[in-house]
1. Taking a 21 Å limit on the Cα-Cα distance, which of the listed pairs Lys85/Lys129; Lys50/Lys106; Lys71/Lys113 fall beyond it?
2. Taking every pair of Cα atoms in the stretch 45-137, average 1/r, invert it to obtain the Kirkwood radius, and report Rg/Rh to two decimals.
Amino acid sequence: MKKILLIMASVAAVSVTQAQQKTAAQTTTRSSTNQAVQQNPKNQHSPEEKADKFLNKMHAAVNLDEKQKIKVKNLALDHFRDVEKIRKQANGDKEKMKPQVMQSRKIMQEGLKKVLSSEQLELWKKSRKNDPKKQKKHSEIETNDLIED
């Protein structure tokens, strides 16, 4: 009887140890996955990718010439790099980021006003107003906002 109790206690101890090791391994896997998500929440794109996407949308809406494409891409790239830097500095605190992002947006908008003709600017504004994604995403932003983050 003592031998059976001793064997059962040994089996129980081994089972508990294995369960603890398995739990520790799962926790490690989860934390590494969480770190990856925190580093790139929502699988965000790089500033370069965002600038390219912005340029493509604008070109499709207003038919930019080659000089305008270069200038718009540089403006967009500067803006999206600023936003990324602001996001990192604020650790994702949207309220802390808001004034700085709005300032970067204003700088980009002023640059776009210098690059685009008045006709192109009106076409771009109309295309932005008709974009349902923009309306949902930026409902609190002024309606003549020319860019998205």
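1. Correct reply: Lys85/Lys129.
2. Reported Rg/Rh (Cα atoms, Kirkwood Rh): 0.98.
Here, each number is a calculation from the coordinates, and none is a lab measurement. Just so it is clear, the structure is predicted and the values come from calculations on it, not from any experiment.
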